[in-house]
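Heads up: the structure comes next, in structure tokens.
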Amino acid sequence: GAKGEIHRIIRRLAAEGVSVLLISSELPELMALAHRIGVFREGRLAGVVDAATAREEEILRLALPEAETKERAAAAAAPRAASGAGRALRWLASQREASIALFVALLALVLGVTTPSFATLDNLNGILVNTSITIIGALGITLVIIAGSIDISIGAILGAAAVAAGMADQHGWPVALVAVAPLALGVGLAVANAALSVFGRVHAIVITLGTLSIYRALLIEVTGGKWLVNLSSRVTAFGQSAPLGIPILLLASLSAVAAVHGLLRWTVTGRRLYVLGGAAASAEVLGVYPRTVLPVAFGLCGLLLGLAGLLHAGHYGQVQTNAGVGFELQA
């Protein structure tokens with residue numbers, strides 16, 4: 001009945017001289033209502049037919065891939081016949097990161113020519129180790145951004161996680177608890193951000209701007225504004241050891257990259273982040289709601305920030321009260 005009423009409205013508007021664009025995948029509906037039917041296939045207009053004289057078979061033939069003419073098939077095959085180098089260049093040009101990759105490659109080339117010590121394994125190892133903590137933090141905020149939100153308190157969360165690791169060490173906690181404390185605190189603070197934003201119906205940038213100051217103030221209050229120094233091997237093992245000769249910071253960052261890639265590429269949770277961030281209104285139609293997805297995104301971000309905080313404390317063997325300041329921009 002509802003569809004019949006919609007059809008009557010369409011016919012009345014058309015009779016009054018209004019142009020109506022009707023999009024439908026139901027052929028009987030199109031044949032009954034339209035004057036002309038344009039058939040789209042794979043993003044292109046495959047053909048336009050007169051609804052009064054066209055047959056359903058003709059329309060279906062246009063809609064199916066088999067309807068491609070020999071000329072179009074040959075045109076489509078021509079790029080595939082190009083050289084491997086040409087295909088690689090076209091693929092690179094189609095990537096959004098191509099300009100960044102090209103810039104980095106040129107920069108590395110220039111530095112390699114002008115600075116002999118740059119193009120060495122030791123230097124590459126140093127660069128990777130020194131950026132490992134930033135990489136892990138960047139992975140965390142990536143999950144939140146993909147889900148269509150933001151968290152600018154991540155520097156404060158990293159600092160709080162580092163303090164948690166340092167204080168757990170100073171209180172003589174076992175190694176397992178020293179590792180778990182910053183992870184749990186990171187998750188807790190990040191999920192609190194998500195809950196305040198989602199259930200308080202306030203944009204995350206406003207919430208996290210506030211919690212940035214709150215978490216930083218609490219960090220200074222807990223430490224009394226004093227650095228945590230001379231941390232023991234319970235903490236430094238997480239930042240300075242090198243199992244099998246590979247720095248643990250490098251192992252941690254590469255493992256985090258692989259884990260986040262796997263989460264986003266091959267899990268339902270990862271796809272939901274993309275769905276919500278792509279179109280929130282459409283996501284809700286599919287049953288993907290901010291109240292269920294954003295706490296997960298923020299929680300995973302907090303987990304990675306907790307790991308980054310633990311590695312930060314272990315790498316430097318001390319924790320400053322301003323640890324993580326400005327980290328949100330780096331990440």
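Summary of computed values
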item: Segment 290-331, subset open to solvent by 20 Å² or more (accessible area, probe 1.4 Å) and of a type in the set (V, I, T), residue nearest to the chain's Cα centre (by Cα); result: V296
item: Scan of segment 243-273 for residues that are assigned to a loop (DSSP other than H, G, I, E, B) and modelled with pLDDT of 90 or more, ordered by number; result: P247, T267
item: Residues (under 18 Å from L263 (Cβ atoms), open to solvent by 30 Å² or more (accessible area, probe 1.4 Å), assigned to a helix (DSSP H, G or I) and in contact with a helix residue (DSSP H, G or I) (Cβ under 7 Å, 6 or more places away or on another chain)) located in segment 143-194; result: I146, L183, V187, V191
item: Residue list for segment 274-292, restricted to those being assigned to a helix (DSSP H, G or I) and over 19 Å from I145 (Cβ atoms); result: E284, V285
item: Subset of segment 169-222 [of a type in the set (S, T, N, Q) and farther than 18 Å from G326 by Cα]; result: Q170, N193, S197
item: Within segment 239-253, tally of residues that are open to solvent by less than 30 Å² (accessible area, probe 1.4 Å) and among the hydroxyl-bearing types (S, T, Y); result: 1
item: Scan of segment 214-235 for residues that are surrounded by 12 or more Cβ atoms within 10 Å (Cβ to Cβ), of a type in the set (G, A, S) and part of a helix (DSSP H, G or I), ordered by number; result: S233
item: Every pair of residues 6+ apart whose Cβ atoms lie under 6 Å, when the first sits in segment 260-276 and is farther than 14 Å from P290 by Cα while the second is acidic (D, E); result: none
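The values are calculated or read from the model by the stated rules, or taken from the named source; none is laboratory data. The structure displayed is predicted, hence computed values, not measured ones. Quick reminder, even Gly has a Cβ in these numbers, built from the backbone with ideal geometry, and neighbours come from all protein chains shown. With ligands, DNA and RNA removed, areas are computed over all heavy atoms of the protein, side chains included. Shrake-Rupley method; radii C 1.70, N 1.55, O 1.52, S 1.80 Å.
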